[in-house]
Amino acid sequence: MNTINNQNEINVGVDTGKTQLDIYIRPLDIYFTVENNQSGIKHAIQILKKHPVTRVTIEATGRLEQPFIIACAESNIPFVIANPVNIKRFAGAIGQKAKTDKLDAQLIAHFGEAIKPPLSSLKSEQMRLMSDLLSRRRQLMDMQTMEKNRSQIMPKTLSSLIKPILTALKKQIDKVDLKLQKLIEECDEYKAKNAIIQSVPGVGNVVAFNLLSDMPELGYVNNKEAASLVGVAPFNRESGVYQGKRMIRGGRPKIRTAMYMAMMSAIQCNSKFKDLYQRMVKAGKPKKVAIIACIRKLVVIINSMVRDGVMWDPKMV
């Protein structure tokens, strides 16, 4: 397959802000800004459609880039949602230290041209809504934790001011969970996968929701790739005679966090994972390392279950 010469590529870098988008087209040396709203995005798309764009690269912010990405998808403009960490490392590699909105947009375009990251695809409307609901759930859980911590250090005479807030937060979390469950019930594919995932003792709604929303590859990739996507696959650290410890890195932290909490529950109520955890700790593994190893095993099992369309079987561990 012939590779496209960089000189023939048109790479667009987009620096995303809450109120504006800074856009740079490389190598045409075109720079412009638009407001990060419907009219501004429409104007940006009109400009981009005048050129045979190879890829539009934009950093993942979690939410701010979504309207622009949706507009690109609707206009058939290829786009890449890039990990900000990778772009930051690229800036260090080329020695760029100065930072302005224009320079950031130029850097992102340069990153797209040099690295050629694989194109991203737009999630379905259902999956985007599920991701938004999960983000809101995490926010509510954080607020709930903060209020619970305050209730422990404040005088008991003030507890009556905190309890109503905790009650309200609990109600909101329950509403979000109901909306998530309704979304799953409306889609036969999600419904089937959800039943398979939650058939594992210790795995509940939160893990299932996160996997369905943020890991659409589940069941379609091999087990090693699945572990890597979650960020629980160990990588070697070797150079010459140096033999470093194998470490995990990358992956999708939201899923990993949810699965970490699930594993804390699973090693209490799932005898297979409890035995696996205890064997590793007894063999001298640090507890956190043992938990990560159990999570990796859980990811592999769930990936295989979804791929084969089978429910939990204790013999799988």
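Points to keep in mind about this one:
- Distance from the stretch 98-161 to the stretch 261-317 (C-alpha centre basis), Å: 28
- Checking the cross-link pairs 102/123; 99/171; 18/297 against a 32 Å limit on the alpha carbon distance flags 99/171; 18/297 as lying beyond it.
- For the stretch 247-317, the solvent-accessible area works out to 58 Å² per residue, with a probe of 1.4 Å and every protein chain left in place.
- Element breakdown for the stretch 12-142 at a 1.4 angstrom probe: carbon and sulfur atoms account for 52% of the accessible area.
- For the chain, the Stokes-Einstein estimate of translational diffusion at 20 °C and a viscosity of 1.002 mPa s comes to 95 µm²/s, using the Kirkwood hydrodynamic radius over alpha-carbon pairs.
- Semi-axes of the equivalent ellipsoid of the stretch 36-183 are 40, 21, 13 Å, computed as sqrt(5λ) over the eigenvalues of the C-alpha gyration tensor in descending order.
- Residues whose amide H lies under 5 Å from that of residue 36, counting only those 5 or more places away or on a different chain, are 20, 21; hydrogens are built 1.01 Å from N in the peptide plane.
- Residue 63 versus residue 39: modelled label distance in nm, points set 7 Å from Cα along the beta carbon direction: 2.4
- Sequence-separation-based contact order of the stretch 86-241, relative, with Cα cut under 8 Å and 6+ spacing, percent: 20
- 3J(HN,Hα) along the stretch 258-267, derived from phi through the Karplus expression 6.51 cos²θ - 1.76 cosθ + 1.60 where θ = phi - 60°, amounts to 4, 6, 5, 5, 5, 5, 4, 7, 4, 6 Hz, with x in place of Gly and Pro.
- Here the accessible area of the stretch 171-224 is 54 percent carbon and sulfur, with a 1.4 angstrom probe and all protein chains present.
- In the context of the full set of protein chains, the stretch 1-148 has a per residue accessible area of 57 Å² (1.4 Å probe).
- The helix-based estimate of mean residue ellipticity at 222 nm for the chain, built from -39,500 (n - 2.57) per DSSP H run of four or more residues and divided by its residue count, is -18500 deg cm²/dmol to the nearest 500.
- Percentage, to the nearest whole number, of Cα pairs in the stretch 71-151 over 18 Å apart: 63
The values are calculated or read from the model by the stated rules, or taken from the named source; none is laboratory data. In this text the structure is predicted, and so the values were computed from the model without any measurement. All Cβ positions, glycine included, derive from the backbone under ideal geometry; neighbour counts span all protein chains shown. Ligands, DNA and RNA are stripped out before the accessible areas are found, and what is left, the full protein with its side chains, is counted by its heavy atoms. Shrake-Rupley method; radii C 1.70, N 1.55, O 1.52, S 1.80 Å.
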